[in-house]
1. Classify the range 3-110 as rounded, prolate or oblate from the Cα gyration tensor: take a ≥ b ≥ c as the square roots of its eigenvalues, call it rounded if a/c is under 1.5, otherwise prolate when a/b beats b/c and oblate if not.
2. Work from the charge dipole of the range 1-42 (Cβ charges, +1 for Lys and Arg, -1 for Asp and Glu, about the Cα centre) and give the residue of Tyr39, Asn10, Val23 farthest towards its positive end.
3. Taking a label point 7 Å from the Cα of Thr261 along the Cα→Cβ vector, which residues of the range 105-125 have an amide N closer than 18 Å to it?
4. State whether the range 25-169 is rounded, prolate or oblate according to the following rule on the C-alpha gyration tensor (a ≥ b ≥ c being the square roots of its eigenvalues): a/c under 1.5 gives rounded; otherwise a/b larger than b/c gives prolate, and the remaining case gives oblate.
5. With Kirkwood radius over Cα pairs in Å as the read-out, I listed [x] 20.1; [y] 20.9; [z] 25.1; which label goes with the value calculated from this structure?
6. Can you tally the net charge around Val81? Count Lys and Arg as +1, Asp and Glu as -1, for every other residue whose Cβ sits under 10 Å from the Cβ of Val81.
7. So the label point goes 7 Å from the Cα of Asp311 along Cα→C-beta, right? Which residues of the range 232-251 then have their backbone N under 18 Å from it?
8. Summing +1 for each Lys or Arg and -1 for each Asp or Glu, what net charge is found among the other residues whose Cβ lies under 13 Å from the Cβ of Arg254?
Amino acid sequence: MDPKVKQLMNPQILRKIAQSYGVDESDLDFHKSTESFLYRYEKQGTPFFLRISHSSRRTPDMIRGELDWLQWLEQHQLPVVRVASTPDQETCVVVELDDGTFFTAVSFHQLPGKQMNRLYDNNQLVQQLGSLMAKLHLATQTYSPRYDSWKRHHWSQELHGFAEKYLSPTERKVIERFNSTMEEISSLPQTSDNYGLIHYDLHPGNIFVDDHQLVLLDFDDSQYSWFMSDLAISLFYAIPFSESEAKKTESAKRFLDQLLTGYQQIRSINDRELGWIPLFLKLREIDLYIVIHRSFGAGSYNEWCQTFMKDRKERIENKIPMLLGSYY
């Protein structure tokens with residue numbers, strides 16, 4: 001999260017949002033703030049999550065578009081998180097600030113089960129994830145937002161100028177690598193069979209497992225991009241970054257084999273599309289490098305970030321692939 005956004009949040013805003021959902025500010029239990037503020041709360045014994053996003057990241061209409069798509073996916077029998085309305089049956093609460101910007105709050109039912117963390121070695125679950133991705137991609141091919149103003153953004157809209165904004169001029173090579181990767185991806189063919197509205201952030205923290213069944217959540221990053229990007233992003237978070245190059249590639253290949261087994265039971269992927277995976281891995285690598293620089297000081301990295309950031313700048317500058325050898 002941009003540090004400037006954190007400074008905008010105050011108890012008055014939180015109180016107004018809490019009251020809109022029929023609870024007190026004291027009922028909100030802070031969970032974390034990565035790209036948005038997340039809180040837990042209970043109402044009449046039922047647990048919920050509350051997500052509060054600033055308009056510098058997501059406008060109210062973009063969030064309405066996210067909720068519209070979630071409803072569409074649920075209608076098409078996709079296992080996705082359920083939105084919780086206010087007592088006035090509003091799906092989101094918008095608070096305008098003195099500077100003309102907004103905070104938009106959305107509440108979701110807390111999912112049963114547990115996050116998919118450390119379950120990536122479960123072949124059955126990874127295959128199920130692949131099948132869910134394919135079903136999502138099939139469903140999105142017939143989706144249109146209820147209103148044009150609710151249409152989600154395309155993949156490049158948030159990324160133009162992103163590196164220049166959050167990296168110092170001393171990171172010139174990283175900025176160049178990021179922009180050249182974007183240019184290369186921009187040249188890929190776009191058709192209704194390979195490009196559409198996707199989740200764009202299917203890492204294990206956004207996948208819950210309950211009684212061996214997966215449920216998808218956190219559609220905040222949903223955007224128009226290539227379907228292969230969803231697969232590449234899940235693959236990215238299956239890479240054991242602390243291991244040797246050989247071990248990383250071996251683990252990634254094993255994961256991707258199972259993911260594709262599940263995916264191709266529902267819809268096919270051609271070899272040309274598989275060849276795009278390294279590009280989408282590289283984009284996520286540099287994007288995440290920038291996000292970590294923006295959101296954390298060097299001394300405040302958690303263990304995963306420390307491992308990921310080790311030698312990362314040099315790897316990006318020297319065009320070292322995320323994975324070596326053949327894995328797809």
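Read the figures in this text as sums done on the coordinates, not as results from a lab. In this text, all values refer to a predicted model and were calculated from it rather than measured experimentally. Positions of Cβ are generated from backbone atoms using ideal geometry, with glycine treated the same way; all protein chains shown enter the neighbour counts.
1. Here the range 3-110 falls in the oblate category.
2. About the Cα centre, the residue reaching furthest to the positive side is Asn10.
3. Once the point is set 7 Å along Cα→Cβ of Thr261, 119-125 turn out to lie under 18 Å by backbone N, inside the range 105-125.
4. Because its axes are fairly even, with a/c under 1.5, the range 25-169 counts as rounded.
5. Identified label for the calculated read-out: [y].
6. With Lys, Arg at +1 and Asp, Glu at -1, the neighbours total -1.
7. What the label zone holds, given the 18 Å backbone N cut-off, is 239-251.
8. Taking every other residue near Arg254 into account, the sum is -1.
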